[in-house]
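**Student:** My structure is below; once you've seen it, I'll send some questions.
Derivation of every value follows stated rules applied to the coordinates shown; laboratory data play no part. Note that this is a predicted model, so its numbers are computed, not measured. All Cβ positions, glycine included, derive from the backbone under ideal geometry; neighbour counts span all protein chains shown.
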Amino acid sequence: MDYSLTNLWHNLTAQLAYDPSQPLLFSSGLFWVLFLLFIPLYAWVKPRRTQMLLFVTAFSLFFFYKSSGWYLLFMVFTATLDWLLAQRIAQSGDDRRRRWLMTLSVVCSAGLLVGFKYTNFVLWNIDAIIGRNFQPLDIVLPVGISFYTFRTISYVVDVYKRKLQPTDSLLEYLFFISFFPCLIAGPIVRATELLPQIRQNKPATRAMVYGGLWLVLMGVLKKAVAADYIAQYVNIAFGNPAGYSGVELLMAILGYTMQIYLDFSGYSDMAIGLASIMGFRLPKNFDFPYLSLNVTEFWRRWHMSLSFWLRDYVYISLGGNRRGKRRQYLNLMATMLIGGLWHGAAWKFIFWGAGHGGALCLHKWLMPRLKALPDTGWVRFVSWLLTFLVVSLLWVFFRADTFGTACDVIWGTVSRFDMAYLPVFAQVRNTWCIVMVLAFALHFLPQAIWNDLRRRFIRSPWWVKLLAFVIVVQLVLEFAAADVQPFIYAQF
Amino acid sequence: MSKALRGLIGILTAGLAIFAALSFVPDGIDLGFARLKTGSFAETMFAAQKVPKPVAQPVGKGTDEQPGKAVQPSKPKKAAMDTTAKVILFIGDSMLEGLGPRLAAYANENGHTLINVIWYSSTTEVWGGCTRLKERIAEFHPDYIFVCLGANELFVSDIKRKRQRYLDNMLAQIGDIPYVWIGPPNWKPDTGINDMLQESCAQGSFYLSNGQHFDRAKDGAHPTHASAAAWCDRVCKWVMTQSAHPIKLNRPKVAKARCRTIVYQPQR
């Protein structure tokens with residue numbers, strides 16, 4: 001290797017340049033180098049609120065630029081428009097005008113989201129119906145657009161409903177919309193939660209700084225170690241379900257069930273941890289969702305910021321449960337279909353949303369009978385098992401490339417199931433099995449133990465924290481280099 | 001600045017400095033009982049500026065009836081065909097079960113001697129992490145080598161960082177012997193194995209199979225016997241007409257033949 005300054009400069013500028021294939025993920029080395037430069041400057045400007053707002057907003061916009069390029073202007077445009085409209089809504093005493101302004105804001109924000117995310121999906125469906133051959137449009141989806149659009153909609157709707165006094169400062173609003181810890185993948189923090197903290201501008205306490213570091217390390221372990229490693233086998237099996245036995249496909253289904261949780265909740269943990277280090281408390285986004293005893297409870301524990309957003313801004317807006325049972329079921333289905341479509345522009349996401357909507361309706365319908373059941377260990381176990389099965393099966397549709405592949409995975413699991421493969425699988429893919437067993441075991445660990453571990457970490461001396469940091473990063477390196485073989489047997 | 005933030009900055013600085021320093025040992029650190037992996041900081045920061053290389057694109061889908069149309073980024077100078085009888089060593093993964101018997105028929109037809117070495121579930125890492133290839137070369141003294149590897153590495157993430165050195169080691173073991181590397185018959189888009197092979201193999205020595213049509217066996221990955229034979233036909237036609245080292249590979253009259261075959265079981 002040539003350790004020349006020319007190479008260093010060239011590579012450094014390349015790393016910092018816009019590259020849609022290399023978003024600035026919290027688990028990347030580049031992010032941590034930048035964060036290390038960011039934190040002392042942040043601490044320096046923190047007491048001066050305007051400077052702090054300017055500095056963090058600039059960093060957040062760079063964070064967005066790195067993966068989305070000049071699409072950041074769209075975000076600034078949306079934010080400015082919504083900020084202006086929210087001001088007008090607050091100033092106006094005319095209900096019709098207020099409603100019109102709110103609708104305009106929502107249509108503009110949602111319109112951009114639909115334009116970027118769903119244009120090709122709509123065209124593809126039109127093409128399928130009328131049989132015309134069209135080329136998909138070359139649309140780059142700005143990173144995090146689904147998340148910041150929901151944040152901006154919630155802000156305007158809250159102002160419209162007089163739940164929130166709008167901010168007079170565009171800078172403050174830009175800070176809220178672009179706040180980098182939750183820019184890419186949430187949590188969908190609301191203005192009612194973040195704006196007061198921005199105004200108070202309290203310094204981070206020791207518990208917040210080291211509690212944040214704990215969350216970040218846990219998030220890295222979940223995302224970059226466990227989820228990414230589990231994903232290797234899942235990708236292989238879902239890539240070619242015909243080549244795998246029932247046991248192997250079952251493992252892939254369980255693997256994806258755990259992978260998506262570890263991946264998403266890990267990223268949320270990192271986001272919440274980073275915000276905590278900066279002195280901001282973000283809402284919890286996952287609360288051990290696979291402990292749920294029914295689907296309703298699952299949605300109270302899974303991606304909470306999204307499910308509460310959908311509840312408050314879609315389900316309740318549609319009438320919630322105030323207009324009779326039938327209307328409630330319709331509202332639930334509509335909410336979950338929107339939730340499904342929000343995850344991606346494909347029928348499989350709509351099917352996944354419909355599946356959850358159907359399960360929620362069924363649970364609501366059965367509720368009176370379920371309440372009559374005794375609260376015994378067996379009843380709880382069966383409830384848990386059924387919920388876990390439904391959630392895991394629906395994840396198959398979420399993960400598979402096509403509806404057909406999802407059916408192949410499920411049918412292959414059932415039709416080619418032979419327990420004799422299990423010991424072979426465990427023997428050959430022992431590391432993968434250990435990671436899975438550990439992930440499930442830790443998921444079922446009582447929350448009090450996690451809280452205690454966190455408290456101990458916060459109180460621990462600096463060298464323990466450094467050691468934990470080093471171990472986590474080394475694990476990332478070890479597991480990133482470990483590959484899962486596609487074929488454990490080779491029968492032609 | 002609060003004491004906690006100063007402490008955090010200290011921890012992050014020390015931690016990142018440790019990993020940045022260790023990254024200057026790219027092969028990892030041997031602890032005796034284990035080898036610690038090191039990061040890619042040094043490589044990312046000091047890697048030589050890349051000159052973009054043209055990437056091979058299949059210009060059309062080869063089918064079982066049509067000859068292959070895999071092309072090289074730029075055509076090498078057309079070399080004269082070597083019509084002498086060769087000792088051919090064919091190494092690779094389970095794909096050889098389909099390709100091997102058909103290539104054996106080609107060898108018989110054209111007066112060559114073929115030795116197939118099948119290492120099930122093998123990868124560039126498996127072959128490049130040992131000297132088995134060199135040993136077989138020393139044993140059989142081949143004057144032409146076929147390699148078919150990569151199907152087990154279609155989904156390896158960050159593949160260049162993980163596998164480039166093994167691939168380079170394999171190519172070093174092959175040395176000056178003319179060779180053809182048959183790319184994997186993708187059943188899904190790969191994460192970079194074909195690009196890596198394309199960039200590393202000598203011009204006219206890599207046959208891109210990706211993008212061609214294959215009828216698949218029940219496992220959905222391996223081509224059926226018939227499709228593998230047709231694949232072999234396309235490869236042989238390409239070797240004769242477009243490769244850097246054309247040898248005589250006229251189409252045989254029989255569908256398949258036997259040859260000396262060595263089998264290695266998967267590495268655990």
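**Student:** So how strong a dipole does chain A carry about its Cα centre when Lys and Arg Cβ are +1 and Asp and Glu Cβ are -1, to the nearest 20 debye?
**Tutor:** 2200 debye
**Student:** Oh, and also: Taking chain B as the reference, fit the longest principal axis to its C-alpha atoms, fit the long axis of helix B:225-241 to the helix C-alpha atoms, and give the angle between the two in degrees, 0 to 90, nearest 10.
**Tutor:** 90 degrees
**Student:** Quick check: net charge around B:G100, other residues with Cβ under 10 Å of its Cβ, Lys/Arg +1 and Asp/Glu -1?
**Tutor:** Charge balance in the 10 Å sphere: +2.
**Student:** Note down the relative contact order for chain A as a percent, whole number, built from C-alpha pairs under 8 angstrom at least six residues apart.
**Tutor:** About 16 percent, as a whole number.
**Student:** What is the mean projected area of the alpha carbon convex hull for the range A:1-129, to one decimal in square nanometres?
**Tutor:** For the range A:1-129, the mean projected area of the Cα convex hull comes to 13.8 nm².
**Student:** Follow-up question, since we're still on this one. Measure up A:K348/B:K160; A:K223/B:K37; A:K66/A:K465; A:K222/B:K3; A:K222/B:K37 against 23 Å on the Cα-Cα distance and list the ones that go over.
**Tutor:** A:K348/B:K160; A:K66/A:K465; A:K222/B:K3, as the Cα separations exceed 23 Å there.
**Student:** Checking understanding here: applying a Kyte-Doolittle mean of at least -1.0 and a length along the axis of at least 20 Å (C-alpha), which whole DSSP H helices in chain A pass?
**Tutor:** On the way: long enough: A:29-45 (24 Å, 2.18); A:49-68 (28 Å, 0.81); A:72-91 (28 Å, 1.17); A:95-130 (43 Å, 0.56); A:145-160 (22 Å, 0.77); A:206-220 (21 Å, 1.45); A:246-277 (45 Å, 1.02); A:325-343 (27 Å, -0.08); A:347-371 (34 Å, 0.19); A:377-399 (32 Å, 1.60); A:462-481 (29 Å, 1.95).
The qualifying helices are A:29-45, A:49-68, A:72-91, A:95-130, A:145-160, A:206-220, A:246-277, A:325-343, A:347-371, A:377-399, A:462-481.
**Student:** I've got another one for you. Which Cα, out of B:V87, B:N110, B:Y166, lies furthest along the positive dipole direction of the range B:87-264 (beta carbon charges, K/R +1, D/E -1)?
**Tutor:** B:N110
**Student:** Here is a further query. So what is the calculated 222 nm ellipticity per residue for chain B, using -39500 (n - 2.57) for each DSSP H run with n of 4 or more, over all residues, to the nearest 500 deg cm²/dmol?
**Tutor:** Values: 8 runs with 96 residues, N = 268.
It lands at -11000 deg cm²/dmol.
**Student:** If each residue of separation counts as 0.36 nm, what is the full-extension length gain between A:F308 and A:R199 once their alpha-carbon separation is subtracted?
**Tutor:** Stretched out fully, the A:F308 to A:R199 stretch lengthens by 36.8 nm.
**Student:** When the helices in chain A are scored as -39500 (n - 2.57) per DSSP H run of 4 or longer and the sum is shared across all residues, what 222 nm value do you end up with, to the nearest 500 deg cm²/dmol?
**Tutor:** The helix-only estimate for chain A comes to -23500 deg cm²/dmol at 222 nm.
**Student:** Continuing with the same structure: For the protein assembly as shown, with the dipole built from +1 on Lys and Arg beta-carbon atoms and -1 on Asp and Glu ones, taken about the Cα centre, which of A:V382, A:W9, B:I18 lies farthest toward the positive end?
**Tutor:** Result: A:V382, furthest along the dipole toward the positive end.
**Student:** Which value in Å is the Kirkwood Rh of the protein assembly as shown over different Cα pairs?
**Tutor:** Over the protein assembly as shown, the inverse of the mean reciprocal pair distance is 29.1 Å.
**Student:** Please list A:83-92, B:19-28, A:440-449 highest first by mean number of surrounding beta-carbon atoms within 10 Å per residue.
**Tutor:** Values: A:83-92: 18.9, B:19-28: 15.2, A:440-449: 11.0.
The densest-packed peptide leads the list: A:83-92, B:19-28, A:440-449.
**Student:** Pull up all non-local amide H partners of B:G92: gap of 5 or more, or a different chain, and H-to-H distance under 5 Å with H placed in the peptide plane.
**Tutor:** For B:G92, whose amide H was placed from the backbone, the distant partners under 5 Å are B:V117, B:W119, B:C148.
**Student:** Next question, about the same structure. What do you get for trypsin sites (Lys or Arg not before Pro) in the range A:332-378 restricted to DSSP loop and a cutoff of at most 13 other Cβ within 10 Å of the site's Cβ?
**Tutor:** Answer in residue order: no site qualifies.
**Student:** Once you've got the GNM for chain B with C-alpha springs shorter than 10 Å, pick whichever of B:T38, B:T131, B:T113 has the biggest mean-square fluctuation.
**Tutor:** B:T38
**Student:** Kindly list the residues of the range B:225-268 that lie in the label zone of B:D82, defined by a backbone N under 16 Å from the point 7 Å along the Cα-to-C-beta vector.
**Tutor:** It comes to B:239-250, nothing else.
**Student:** Still on this structure, please answer the following. If R₀ is 30 angstrom, what is the calculated FRET efficiency for the pair A:L170 and A:Q22, using the beta carbon separation as r and rounding to 0.05?
**Tutor:** 0.50
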